[in-house]
Amino acid sequence: MPESSSQSESLAKRLVGRTFVHPLFDYMLIGGGLSLLVIPIAFAYSGEQTLVSLELLPWFILLSNSAHFAASTVRLYTKPGAREALPMLTMALPLLTIAILSVSFLFADRTGPVLQAIYLSWSPFHYAAQAYGLAVMYSYRSGCQLESAHKRMLWWIAIIPFIRVLLQSADKHFLWWLMPNPTAVTVPPWSLPLQALVMLLGLLALLLPVVLFLSVWRSKAGTMPLISLLVVITNGMWFIVFTHYDGFVWGTIFHGLQYLCIATIFHVREQRARADNRHGTRYHVLWFYGASLLLGYGLFNCWPQAYILLGFGPAESVLLVIAVVNIHHFIVDAYIWKLKPGDSNRQVIATTT
Amino acid sequence: MRRGLPVDPPKVTAAPFSGGAILLWLGGSLFLISMVAGVVRSMQSGHWLPPVAVEYTTELDALVQARGSATTLPEVRIAAKIDFDNEQAVNRLLENARAANNSDDELWALLALARLNPEDGRVRTDLALALLEQGRPADAYAQARFAVWLVPDSSEPFCHLGAALRQLGYHQQAAAAYRRALDIEPTSATARAGLQSSLAGS
């Protein structure tokens with residue numbers, strides 16, 4: 001029955017969606033499929049407490065996480081039209097960041113906890129927002145015209161892991177400022193309903209993406225590609241399957257990998273689309289990753305040493321720099337992925353190869 | 001016809017930003033100077049380049065060893081206050097605060113440890129004592145009650161519970177707590193003295 005065969009082939013194509021590099025690459029690295037393979041292996045070898053004392057962890061952090069933080073800055077300064085479209089971000093933000101960081105050193109015992117709480121709260125939100133952005137991007141790219149209601153629903157589903165993290169550990173984020181006695185939520189009677197709510201949110205974070213997928217399927221929007229579903233579920237997995245600390249470690253590594261891949265794809269396509277481009281894909285990939293790695297090393301490894309040289313303590317030198325670099329990354333990231341009319345992001349999403 | 005995001009021709013809205021280039025140059029220069037300074041500092045401490053692991057504990061531990069616990073209290077305090085979810089940092093502050101007889105820092109560290117390990121009976125017991133020493137019997141009572149529940153076979157939290165109740169004016173309940181402490185540890189001088197005071201007060 002050739003007709004039904006071509007129908008199922010077309011369905012399979014619609015479900016896979018339009019990937020950027022290759023379905024295997026996109027699903028594994030950008031969709032987070034690789035983390036779904038690594039998580040059970042990590043559990044099998046180490047139980048719930050994983051990666052905490054792994055000697056290779058600093059290298060993982062440098063190659064994936066530090067490079068990903070720097071990648072947003074590298075992309076900001078290499079993105080066509082960014083300096084004209086985002087003058088404050090490209091020209092004033094670096095000096096402003098250095099100024100805020102340096103002033104915060106003078107009152108480190110007061111500014112440190114605030115900066116730490118801001119970035120630790122913002123991180124899971126940033127991961128969730130990235131999952132949402134990627135899900136929407138792949139949907140658009142695959143011809144699925146998400147309605148406003150679906151997009152709203154997708155956004156709320158994507159941020160469930162973030163809300164869960166806030167409730168799970170009351171002392172590591174901005175809610176901590178608002179509590180006169182933060183210990184109260186960690187002991188009965190508050191701890192029990194909170195734990196129940198946390199469990200419920202964990203369940204919803206894994207189930208609701210499937211409900212949304214089916215809802216989009218039944219609507220006129222078209223088929224949502226499975227990668228959009230996967231990217232939202234894997235973000236939830238990182239924080240639900242692991243303990244709080246390990247969730248952050250795994251989330252950080254796979255989010256970094258995901259970010260580096262998508263940022264590299266956008267960079268390569270933007271550079272190759274330039275009229276004066278003389279290089280191939282490999283050159284642009286290596287250039288982008290090399291620049292991100294070097295800048296990442298500079299930001300996280302060299303910069304704190306400069307403040308120690310100025311006489312500040314090792315703790316504030318390392319921790320304040322980490323917090324400020326994180327916050328800078330979140331701010332830059334909030335602007336460079338916008339799909340505003342005329343933005344080069346739109347061209348990249350629309351291109352096939 | 002392909003569906004999806006409508007593609008517009010690249011359009012850049014130029015926004016004039018006077019002095020932008022100067023700010024960028026200044027920011028970039030300061031950052032580059034910082035990088036060089038970071039490498040210099042790293043060479044001073046015996047490395048060619050800053051190490052791959054981004055952590056402060058090794059340097060802080062070396063500082064504490066070189067200068068002693070009491071004198072490095074400010075550095076250790078800042079570390080614990082910023083890295084408030086790091087048990088090692090908070091424990092280091094507790095140790096240094098005790099060595100320097102600083103009750104404020106000790107109380108802060110114990111509260112932070114109680115947040116990190118809500119069901120640690122030792123921390124709750126020490127927290128009850130620290131609160132008693134700070135003249136906060138109501139808070140000490142809450143912590144001692146929790147400690148008694150966590151470590152019911154230890155006399156110490158019962159003693160703190162008794163002391164808190166006595167300071168709050170509940171002498172009979174205090175005497176009962178001290179009696180429980182003596183049941184567990186009949187030789188406890190603190191429990192015996194507390195019982196006598198409670199009986200005298202009631």
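Residue check: A:MET153 meets all listed conditions (1) more than 13 Å from every other protein chain (Cβ to nearest Cβ); (2) open to solvent by less than 60 Å² (accessible area, probe 1.4 Å) but one, namely (2). Any residue at all in segment A:162-170 that's open to solvent by less than 20 Å² (accessible area, probe 1.4 Å), more than 8 Å from chain B (Cβ to nearest Cβ) and modelled with pLDDT of 90 or more? No, segment A:162-170 contains no residue that is open to solvent by less than 20 Å² (accessible area, probe 1.4 Å), more than 8 Å from chain B (Cβ to nearest Cβ) and modelled with pLDDT of 90 or more. Checked against (1) among the charged types (D, E, K, R); (2) closer than 30 Å to B:TRP48 by Cβ; (3) surrounded by fewer than 19 Cβ atoms within 10 Å (Cβ to Cβ), A:ARG278 passes all but a single condition, namely (2).
What residue, of A:THR264, A:THR243, is of a type in the set (Ser, Thr, Tyr) and crowded, with 19+ Cβ neighbours inside 10 Å? When all the criteria are applied, what remains is A:THR264. Only a single criterion out of (1) small (Gly, Ala, Ser); (2) assigned to a helix (DSSP H, G or I); (3) within 30 Å of A:TYR77 (Cβ to Cβ); (4) open to solvent by 30 Å² or more (accessible area, probe 1.4 Å) is not satisfied by A:SER215, namely (3). Just so you know, in segment A:290-339 the residues that are outside any helix (DSSP H, G or I) and aliphatic (A, V, I, L, M) include one that is nearest to B:GLN44 (Cα to Cα), and it is A:LEU310. Of the helices (runs of 4 or more DSSP H) lying entirely inside segment A:37-155, the ones with 2 or more residues being of a type in the set (Ser, Thr, Tyr) are found at A:67-78, A:93-106, A:108-141. Are any of the residues in segment B:31-39 within 32 Å of the chain's Cα centre (by Cα), touching a residue at least 12 places away in the same chain (Cβ under 8 Å) and outside the structural domain of B:ASP139 (by TED's automatic domain parsing)? Yes; the residues of segment B:31-39 include at least one that is within 32 Å of the chain's Cα centre (by Cα), touching a residue at least 12 places away in the same chain (Cβ under 8 Å) and outside the structural domain of B:ASP139 (by TED's automatic domain parsing). The set of residues in segment A:334-352 that are open to solvent by 20 Å² or more (accessible area, probe 1.4 Å) and either more than 10 Å from chain B (Cβ to nearest Cβ) or at pLDDT 90 or above (or both) comprises A:ALA334, A:TYR335, A:TRP337, A:LYS338. Residues of segment B:169-183 that are under 18 Å from B:LEU129 (Cβ atoms) and surrounded by fewer than 17 Cβ atoms within 10 Å (Cβ to Cβ): none at all. Can you find, within segment A:54-95, the residue that is surrounded by the most Cβ atoms within 10 Å (Cβ to Cβ) among those that are touching a Gly at 6+ places or on another chain (Cβ under 7 Å) and among the hydroxyl-bearing types (Ser, Thr, Tyr)? Top of the filtered list is A:SER66. Of all residues in segment B:184-202, those satisfying the criterion of being assigned to a helix (DSSP H, G or I) and surrounded by fewer than 13 Cβ atoms within 10 Å (Cβ to Cβ) are B:ALA189, B:ALA193, B:GLN196, B:ALA200. The residue of segment B:9-44 that is nearest to the other protein chains (Cβ to nearest Cβ), among those that are part of a loop (DSSP other than H, G, I, E, B) and modelled with pLDDT of 55 or more, is B:PHE17.
Of the candidates B:ARG166, B:ARG124, the single residue that is open to solvent by 20 Å² or more (accessible area, probe 1.4 Å) and in a helix (DSSP H, G or I) is B:ARG166. None of A:LEU319, A:LEU310, A:LEU286 is within 12 Å of chain B (Cβ to nearest Cβ) and open to solvent by 20 Å² or more (accessible area, probe 1.4 Å) except A:LEU310.
So A:TRP287 passes all but one of these: (1) within 29 Å of A:PHE213 (Cα to Cα); (2) without any contact (Cβ under 8 Å) to a residue 12 or more places away in the chain. Which condition number does it fail? For A:TRP287, the exception is condition (1).
Can you tell me which residue within segment B:64-119, out of those that are within 11 Å of chain A (Cβ to nearest Cβ) and not in a helix (DSSP H, G or I), is surrounded by the fewest Cβ atoms within 10 Å (Cβ to Cβ)? Filtering segment B:64-119 for residues that are within 11 Å of chain A (Cβ to nearest Cβ) and not in a helix (DSSP H, G or I), the one surrounded by the fewest Cβ atoms within 10 Å (Cβ to Cβ) comes out as B:GLU119. Going by the structure shown, is A:ALA99 of a type in the set (Gly, Ala, Ser) and at pLDDT below 90? Criteria not met by A:ALA99.
The values are calculated or read from the model by the stated rules, or taken from the named source; none is laboratory data. Worth saying up front: this structure is predicted, and the values here are computed from it rather than measured. Reconstructed Cβ throughout: ideal geometry from the backbone, glycine too, with neighbour counts over all protein chains shown. The area values use the complete protein model at the heavy-atom level, side chains included, leaving out ligands, DNA and RNA. Shrake-Rupley method; radii C 1.70, N 1.55, O 1.52, S 1.80 Å.
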